[in-house]
Amino acid sequence: MALYRAHESLTRNLVPFILLTATLCWSQSAVRGFTPGSSLREQKLERKFKLIPSPKEERRQHRIFTAEPHIAGSERNNELARYIAAEWKKQGLEDVVIHEYDVYTTFPKSASLEMVAPLHYKATLREAPYRVDPDTKNPRVTGAWTGMSISGEVTAPVVYAHSGNPEDYELLRKHGIDVKGKIVLVRYSNPYSYRGFKALTAQREGAAAMLVYSDPAEDGYKRGQVFPNGPWGPETHIQRGAITYDFMVPGDPTTPGWASVPGAKHIPVSEAVSAPKIMALPLSWHDAKPLLENMDGPTAPEDWQGGLPIRYHLGGQKVQVHLKIEMDNSNKPNYVVEGRIRGSEFPDELVVLGNHRDAWVFGGVDPSSGTASMMEMTRAFAQLRKQGMRPRRTLVVCSWDGEEVGLTGSTEWGEQFADELRKNAVAYLNVDSSTSGPYFQGSAVASLAPMLVETSHSLQDPSGKSLYEAWRESTARRKHEDKEPGAVVDADLADTRIGSGSDHTVCLNFVGMPVIGLQFDGPYGVYHSMYDDFYWMNHIGDPGYRYHTLMSQLWGVLGLRLANADLLPFDFATYAVNLREFVNDLAKGKDMSQLDLKPVLDEISRFEAAGKKLNASTERALTSSKLEAKTADEINRGMMQIERNWLNPEGIPGRPWFKHILYGARYTYAHLELPGLTEAVEKQDWPTARAQAEILQRALANNTRLLDELAAKLAEQSSAN
Ligand SMILES: [Zn+2]
């Protein structure tokens, strides 16, 4: 998945120059978290590492993964799991294992859609082949289907419900249109909103089924040249996808909160909150147009009009369709492949890097670009190891499965190993799609944003500039487009507002690991269609595979820095600055007379002061060359605990699986900061809001105490020397 970041114009955090000063404080020769001596060793190691990934190998790997459709649960995707395991062993990774999870799975047996009035039209539900791209003729490509749709058959009138959001149904009601028992036709929307939320909304409105189509205004000819001449979606492209309600609880719907290891208990699907109770089918605009142009009822409002050369109407009577969907529902295995480079000094401490393997069709961008980048990164890790260079901490690399269905493989793995990860995990670095264009987008939990920005200085963008410079330029362009005032500062670069929609979710929201997400982005309208393939990548997305290569380098260097640092490169003062902004945003424009946020803001100030103190003492300790191994270990263990302390075992109100109190996601996958508190304030449920504010206050106080202890420990050590 992971279209979210690509299409949402990011809400930039305007954190004042903290990050900038942080970067300036560290001279070229020092790497954040390293003593001067180990900085030099690290930079030498990174130079060797960066030379290994090659565009030619990226392309070769990309071809292997995009050669055939590889949907989660399919024989081809399982074969690719075995291929990765074998390849990793050959490369020289250690402890390569394939974890099996038996998960509730849906596959289409058949789907048909026919307009029966006012005239007859049978939807093709297929994508047209192109002569220039032989893969588009592959007979194993599926037609239109939706993961987790229920089976059924219905003949009913069609209502056009715009993006299918709750306010769209309000507008329909104002026009006297009730969708109960009818079929709603909704469109994918920009900014992106997860189709599962559209399905839940349609289900709540009592609709009999949901058809969701790609309007050319969103990802087709209204945006520019279409495939095979350009990056946008052609007439028959179908955006497949799942509608799992994984914003309630991700993973296998029948094992909410525990792992689907073989033999695990499964609850009935009827009791699973994340299993939809509605039929759904995606359509190309080729198949949606005959319905739209025959609709009666009031003319749709101007902002509901789309990119097709017709007047859109709300419908409700004249157009009737017959929809039949037959799904095969059963438990099938999902496979997570895991490999390691064991750490030399702290083998228990884990830096986890992951990418999903399963694709809706060929997965040119999503996710096989990321998989190719991962394979080149692991080859480079293993090559260094063969030359006798081990990271100090253990690097764990995972190929996830079933991400497209409900973040399934990563969730089951995270649930299975939650205790160990909460004890030993340093961070999780996610790459879903690595490349759909040249524009870098990096996101990070606020404490890791400065190290991500710092790392971008040491990589070279294919344009010849540093990645940092290229990142600044694309950020400046976006700020200009969004009419955001001010010049770009370092704090604008990394997005610290993290929603859901990819495999970082279990790590951040359930396990409490700090996370980083990386992607090169560009115009991309073939998402989840057959045209997201090898041809698209070679002619449009990244013809020279240079951004794939840069991703392998960047992802690996970040992993190495976290694995080798003397003192882990967290910046909790930056975390505090971001947190203050989260709290201020939450109160913006609302009547807050029922809730006093001052105690929370005061705690944030104390947390910030403690963070600054720790930053100063780590800097002193690193430059004084008196850092004792035992103290460093204690400080690192303490710093790892900070993120875990943001977890509330009860979870956020109504969604107990989501345990992080700073980071959550809306039902649309959009980022949602301070989820429990924010949702309570939005509902004006003041008792819950007060309780959530207290939980936040307590966690802040705990973490301030911990930071103070760590700073004191470092000071004690330096004075003892
Ligand atoms: Zn993806």
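A short reminder: the numbers here are calculations on the coordinates, not readings from a lab. Remember, it's a predicted structure, so these values are computed and weren't measured experimentally. All Cβ positions, glycine included, derive from the backbone under ideal geometry; neighbour counts span all protein chains shown.
Step by step: find N for segment 132-277, compute 2.2 N^0.38 Å, then divide the Cα radius of gyration by it. What's the final number?
For segment 132-277, the normalised Cα radius of gyration is 1.22.
From the P(r) of segment 608-721, can you give the percent of Cα pairs sitting at distances over 23 Å?
Tail of P(r) above 23 Å: 43 percent of Cα pairs.
To the nearest 10 degrees, how steep is helix 75-91 against the longest Cα principal axis of the chain, on a 0 to 90 scale?
The helix 75-91 is inclined about 20 degrees to the chain.
Show me, bin by bin at 10 Å from 0, the whole-percent P(r) of segment 172-256 based on Cα pairs.
16, 36, 31, 16, 2
Based only on Cα atoms, what mean projected area does the convex hull of segment 278-393 have, in nm²?
13.1 nm²
Using amide H atoms built 1.01 Å from N in the peptide plane, name the residues 5+ places from His356, or on other chains, whose amide H lies under 5 Å from its own.
Counting only residues 5 or more places away or on other chains, the set is Trp400.
Measuring from centroid to centroid over Cα atoms, what is the spacing of segment 271-306 and segment 121-151 in Å?
That distance is 19 Å.
For the chain, find the longest principal axis of its Cα atoms and tell me its angle to the long axis of helix 598-623, 0 to 90°, nearest 10.
The angle comes out at about 50 degrees.
Of all DSSP beta bridges in the chain, what percent run antiparallel (nearest 5)?
Among the beta bridges of the chain, antiparallel pairing accounts for roughly 60 percent.
With N denoting the number of residues in segment 534-638, provide Rg(C-alpha) divided by 2.2 N^0.38 Å, to two decimal places.
1.65
Assign one of three labels to segment 575-635, namely rounded, prolate or oblate, based on the Cα gyration tensor with a ≥ b ≥ c the square roots of its eigenvalues; rounded applies when a/c is under 1.5, prolate when it is not and a/b is larger than b/c, and oblate otherwise.
Here segment 575-635 falls in the prolate category.
What is the Cα radius of gyration of the chain over 2.2 N^0.38 Å, N being its residue count?
Taking the Cα Rg and dividing by 2.2 N^0.38 Å, one obtains 0.94.
Counting only other residues whose beta carbon sits under 12 Å from that of Glu68, what net charge do I get with K and R as +1, D and E as -1?
Numbers: positive: Arg63, Arg76, Arg140; negative: Glu75, Glu79, Asp135, Asp533.
Charge balance near Glu68 sits at -1.
Under the classification rounded if a/c is under 1.5, otherwise prolate if a/b is larger than b/c and oblate if not, where does segment 402-519 fall, given a ≥ b ≥ c as square roots of the Cα gyration tensor eigenvalues?
Verdict is prolate for segment 402-519.
On a 0 to 90 degree scale, rounded to 10, what angle separates helix 36-51 from the longest Cα axis of the chain?
Roughly 40 degrees, rounded to the nearest 10.
I want the local charge near Glu57. Using Cβ-Cβ distances under 15 Å, sum +1 for each Lys or Arg and -1 for each Asp or Glu among the other residues.
+4
Any chance you could check the Cα centroid distance between segment 335-362 and segment 686-721 for me, in angstrom?
Centre-to-centre (Cα) distance: 31 Å.
Between Leu171 and Lys318, what length in nm is gained on full extension when 0.36 nm per residue of separation is reduced by their alpha carbon distance?
The Leu171-Lys318 span can extend by a further 51.0 nm.
Hey, how many Å between the Cα centroid of segment 517-547 and the Cα centroid of segment 407-482?
Centre-to-centre (Cα) distance: 18 Å.
Under 5 Å between amide H atoms, partner at least 5 residues away or on a different chain: which partners does Met327 have, H built in plane at 1.01 Å?
It is Lys109, Ser151, Gly152, by chain and number.
Count charges around Gly33 for me, please; just the other residues with Cβ under 15 Å from its Cβ, Lys/Arg as +1, Asp/Glu as -1.
Value of the local net charge: -2.
Segment 208-302: which chymotrypsin sites (Phe, Trp or Tyr not before Pro) are DSSP loop and have at most 15 other beta-carbon atoms within 10 angstrom? Walk me through the numbers before you get to the answer.
Working: sites: Tyr213, Tyr221, Trp232, Tyr245, Phe247, Trp258, Trp285; in loops: Tyr221, Tyr245, Phe247, Trp258.
Here the chymotrypsin sites (Phe, Trp or Tyr not before Pro) that fit, given the DSSP loop and packing criteria, are Trp258.
Can you show me the helix-derived [θ] at 222 nm for the chain, built from DSSP H runs with n ≥ 4 at -39,500 (n - 2.57) apiece and divided by the number of residues, rounded to the nearest 500.
-12000 deg cm²/dmol
Once a ≥ b ≥ c are taken as the square roots of the eigenvalues of the Cα gyration tensor of segment 654-704, is the result rounded (a/c under 1.5), prolate (a/b larger than b/c) or oblate (a/b not larger than b/c)? List each step's numbers first, then the result.
Numbers: a/c = 2.10, a/b = 1.26, b/c = 1.67.
The shape class here is oblate.
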